[in-house]
Structure formats: C-alpha cells, structure tokens
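What follows is one structure encoded as structure tokens, with my remarks underneath.
Computed from the coordinates by the stated procedures, all read-outs in this text should not be read as laboratory data. Just so you know, these numbers come straight off a predicted model, no measurement behind them. Because the Cβ atoms are built from the backbone with ideal geometry, glycine has one as well, and the counts that use them run over all protein chains shown.
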Amino acid sequence: MIMDVQLWTYILVGLTFAIYIGVAIWAKAASTSDFYIAGAHVSPLTNGMATAADWMSAASFLSMAGLISFMGYDGAVYLMGWTGGYVLLALLLAPYLRKFGKFTIPDFIGDRYYSNFARTIAVICAVIVSFTYVAGQMRGVGLVFSKFLEVNIDIGVLIGMGIVFFYAVLGGMKGITYTQVAQYCVLIFAFMVPAFFISFQLTGNPIPQLGFGSTLADGSGQFLLEKLDELHTELGFAAYTSGTKSMQDVFFITAALMIGTAGLPHVIVRFFTVPKVRDARISVGYALIFIAILYTTAPAIAAFAKYNLMETVNEEAYTEMPEWFGTWEETALLTWVDKDENGIITYAPGAAIEGLPEIQRNEAGEIIRGNHGEVKVNNSVTSGPNELYVDRDIMVLANPEIANLPAWVAGLVAAGGLAAALSTAAGLLLVISTAVSHDLIKKQIKTDISDKSELMWARISAAGAVLVAGYFGINPPGFVAEVVAIAFGLAAASFFPAIILGIFYKKMNLQGAIAGMIAGLLFTLAYVVFFKIAFPEYNTPEYWWFGISPEGIGTLGMLLNLTVSFAVGMIFPEPPEEVQNMVEEIRYPQ
Amino acid sequence: MSERDLKGYWKKNLKYLGILLSIWFIVSYGFGILLAPALNEIQVGGFKLGFWFAQQGSIYTFVVLIFVYVYLMNKLDQQFNVRED
C-alpha cells in the first residue's frame, strides 16, 4: 500500500514537473514587457486561472480545510476573508491599475505620488510582504517532499527552488502565467477528486457543497452538521456551527484578510497582464470562480473529515483503529497517549501533550511502542482528559486513506500541494525581482539602462530572490507561522489605502500618502511584533485593544492610514496639475 | 474628449460601486457575522442560515457581484462612449 502511494507520487510529481519545465521553455521572455507583464497579451480567462493558482498557496491547499475542521464556524474568517477581497479588487483596483498601464505597484505609487521616495517606500513594503509569504511556500514544498517521498526536507526545498528558478528566471511573468494555468488544473483536480469520493461516501451526494448540507448516508436520516454539533457538545467542545472567537474579532480578522488580499502586490500585478480595462474586470470574476471552487469545497471537506475523525476514534479501542491511524502516527501528525491506561482513545477539548509530538526511538532508530502497539512520544502529557493529538494538515493529507481511496489519489494530493506552493512562490518572487530591477535600478539608479540590460537585471534579481527564499525555506525563522499574519496586515495597512486614495481622491498628495503608509505600517508591525514575537504570553483577548487579535489588527492599521493621510494631506499643497490629470485619465477606459 | 460626459460616467460608476459594495458588506459582515446568531435560528436543509452565509453563501454572492459589476460597466462604457476597441 505504502509503496504504491510512493510510486504514484513519483510518477505524478515527475509528470507535472516535466509539464512545468516544458511550458517554461515554450514561454521564454524576450523583453522586459514579457518578463514583467507577459506583454499584456494574456486572455482574461487564462489570467483568471493563473491568478487563482497564484493566490492559492500551500496553506490554502494543505492547511485550510484542516484549520476549519478545528475552528468550525470561526473558519469563516478565512473563507470570506480570502475571497471577499476579490470584490474590492474588481470594483476598486484592477480596472484602474490596468488603465494606468505600467509594470508594478511601486510604479503606480511612485508616479501617482510624484516621488521616488514614495516609490522606494512601496518597494520596501512589497519586498517585506513578499518575502514573509514566500518563505512559507518553500517550506511547504519541502514538507510535501518529506511526507510523501521520504526525501529530506532541505533536499525538497532545493528541488522546489530548482524548478521555480528555471521557469521564473527564464520566462518571467510569461513563463509563470502559463505554468500557473497548468498548476491550477493540477491542484483543483487533486483537491476535488477526494472531495467527491468522501462526500458520496458520507452523504450519498457527490457534490461536496451539497453533501455538506445533506443527511448522512448511514440510515439515521440525520443531517451531517446536526450530527457534528451533537458530537461536539457531547464531548465538551463548542458546537461546530457556532465557534469560539468573539464577534468583533471575527469581524476584524475577516476585514484584514479581505483588504490584505486586495493589497497583495503579486495578486494585483496579475491584472496588468491583460490587454484591456474590461478584460481586467472580467478577469477578476473568472479568478474568483476558480478560487471559489476550492473555497466552497474546503469547508465541506473540513466537516466531513471532522465527522470521520470523531466517529472513528472516540471511545474506541486503539487496537480497533484502521490502518491509516498507524501510518500517520509514524509521521508524528497523529499521536495517542493512553493517560488512563485503558487502551481506549478519549478525544476531548484541550491539548493532549505539551508541544509537537517527538517520536521515541531506540538506538537503532526504531520506533518504540507502548502496551497496545501505539507509537510512543517523548512529550510530557497534559493534565486534561484529551488523549489525542491531531495535526491540522492531516485533514487534507490523510483524507484519501481515511476514505479508503485508491493509491493514485494520494499521489495526486502530493502533486497538488506542490503545484499550489510553487505557483504562489513564483508569483511572489517575480514581485521581488521586478521591484529591484524596475523600480530601483531602472527608475532610480541607472535610468539610461537599455531594455536588454534591464531584462538581464530582472533575471539576476529573480535568481537572487530564489536563493534568498530557498535560504529561508531551509532555515525558517522560528516565527514563520506568526509572520504570515503580518503579510496581510501590512498589505492592508500600507498599499491598499494609498492605491484607493490615489484613484478615488484626486487631491491626495505625496505628504499625506507617505505619512499614512508609514503610520499604518509601523502601527501594524508594532502590534503584531509585540503580541506575536516580543510578549507572546500577553497574546490573549484581555490584553488586545478592543478585543482585536494580531491577525485582525491590519484593519485598524488601514483606518489609521486613512486618517493620517487625510490629516497630513490637508496641510500640504494639492498634487501638481499633470498628476491630477493622470488620475482623471485612469478613471475612463478610453 | 470634450464631447463626452465623463463626469456623468464617473458619477454613475460611483453609484454602482456604492450599491454593490453595500450588498457585499451586508451579506458577508451582516448575514455572515453580525446577524449570524439570529439567522442560525432559521434552518435551510441541513444548514443553519447564518453558518451557511459565513461558509458558503457569501462566496457565491461575491462571484455574482463581480459579474453584475462587469455587466453594468460594459453597458456604461458603451453608453458614455468610453469603450476600448
């Protein structure tokens, strides 16, 4: 069984990598316009698909359903937060930035606020946001390799770097666009196939979005969600459909993620690649359809998986567990500690063990097993009743096995996870390289550079960015998971207001915008660093401002940015005539 | 340029934005968050309504909103003669 899965994984991963390389050779960039915006020749549908792959990262594919599984209703912050931003993109940003018609976000900020200082601030924001995000993607590539192919995690990161290096450096935006289309197809297929199977098994309806609201196929006639709420309350958890976060925190996190999404440079820049303003509008619509397929399926998978887990494990003897239980114990994603030594698994609220499981091994490296054959861990157990540790990633990774699906499906999930991580990494690396080659070198350091040497610099900076990202993938800073919250908060508190004001408020001047960006950036950064890195022991609702967690603080940062922009903007003179004309210009398609 | 009523075009655009973004807000933040506990009293099929809006309905609404916007703006572009060829 295991061998089969591995063989299928090698075949499917190998095949998809060959496709990505083939596409990269076919779509080689010949000019900076090719490299930065794929020559603005991408069709809206193609761009929509590429945007979906660009956007959906390793986290969306591997972790989100699992996260929702354990958050219940609260998981809505990710579902609405990571889709609702597209409405803002379509209505407030994409068409106007397309009409502006340059290459990068710093380009817009620099021209609109008539200053290289503003441009440089934007470059710094873009680079910080993108690097925090990309480190996690490279790590994700390494994880998939180590889980499925038993390759050392660092080697996995190196292989991923090699692939991205190849098509990002060679093809730039053009290469990335077409590989992202291929990657979208791989990842959505890989996500949906297990979902159809599981939905059908549990509810008799193969469409997960409908199965989610159907009755169970076990003959009880009870609705899945009703049963899930019942199981949760029986075991002392909050009901699945109600959640535990406070309402204002859910509100602020959702807003920060939405606004952050609309302010992420690697997403915005994708809408520079279509030929016309109306293409940009509809392209956002296509992108959201492609994203929504995964995002409406994920909560269904979350509920199915949680139901399967609870039905399988609770108050059952360890020796009665199916085969997959043992397989995932050996990867330390699942751990059972028999606290009361009765051989029966108790699943209850609270942590089962301190920290992440570390498997006990003897000198020969063999796993040490307990009385019932369970994998022993070094961790000390907690005093609570819970005996089960479940890693959230298992919900997607182990789904095919839990549902007894054929081996090729598991291989497909690995290929899908890699596609999701690589496509996002490539988009982010491009933002970093264009910020350097275009907004620093071409626009500021060496303005007389030829297109050809600018293209060379773009390739060099892309190569440099891949190396730095790989370094962070292999040596992740201890707080990688924590800083992802920063990426969204920063994007929401810095770019979004500056761009929106730039389009909708003609009189906003350089001083106001810069003061706003700096205020929003510093405020958000300070809040997140304080609670997440400096004093994590204070990271509880009683210490948060207005009950807003660090994940949601970007919303407040954005409001601060707006306030400061208006206040400071009033003191200084209006922008020059030609800038106001430019703003006027971008409001009309022609 | 002078022949066309660009101010009118922009005003109409802002009006569309106002309406569509209000719906966007009401469905996601309203139905999905603020009113979710109340809507959860209503059961539609296997879903509590507030939960459904938070995890499914709002996403469908977002998609529809964008396509409605595209439709309205394409019509507006033509009406005010600002459509690109």
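Remarks
- Computed E for A:Asp4/B:Trp10 - FRET, C-beta separation, R0 60 angstrom, nearest 0.05: 0.45
- Cβ neighbours within 10 Å from other chains - mean over B:67-80: 4
- In terms of packing, defined here as the mean over residues of other Cβ atoms within 10 angstrom, the peptides A:137-148, A:529-540 line up highest first as A:137-148, A:529-540.
- Each Lys or Arg adds one and each Asp or Glu takes one away; over the other residues whose Cβ falls under 14 Å from the Cβ of A:Thr120, this sums to 0.
- Amide H to amide H distances under 5 Å link A:Arg361 with A:Ile368, where only residues 5 or more positions off or on other chains count and H is placed in the peptide plane.
- For the pair the stretch A:445-471 / the stretch A:25-81, the C-alpha centres are spaced 23 Å from each other.
- Separation of the A:Ile368 and A:Asn475 label points, Cα + 7 Å toward Cβ, nm: 3.3 nm
- By other beta-carbon atoms within 10 Å, ranking A:Lys245, A:Lys452 with the fewest at the front produces A:Lys452, A:Lys245.
- Reducing the stretch B:1-78 and the stretch A:211-251 to their Cα centroids gives an inter-centroid distance of 28 Å.
- Nearest 10 degrees, 0 to 90: helix A:577-586 Cα axis against chain A principal axis: 50 degrees
- Residues of type lysines that B:Lys75 reaches as a straight line, Cα spacing below 25 Å, ignoring anything fewer than 8 places off in the same chain: A:Lys99, A:Lys276, B:Lys7, B:Lys11, B:Lys12, B:Lys15
- Magnitude of the charge dipole, chain A, Cβ model with Lys/Arg +1 and Asp/Glu -1, debye to 20: 2940 debye
- Rounded if a/c under 1.5, otherwise prolate or oblate - the stretch A:15-141, Cα gyration tensor axes: oblate
- Computed from the Cβ-Cβ distance with R0 of 25 Å, the FRET efficiency linking A:Phe546 to A:Ile571 stands at 0.30.
- Rel. contact order, % - alpha carbon contacts under 8 angstrom, at least six apart, the stretch A:233-360: 25 percent
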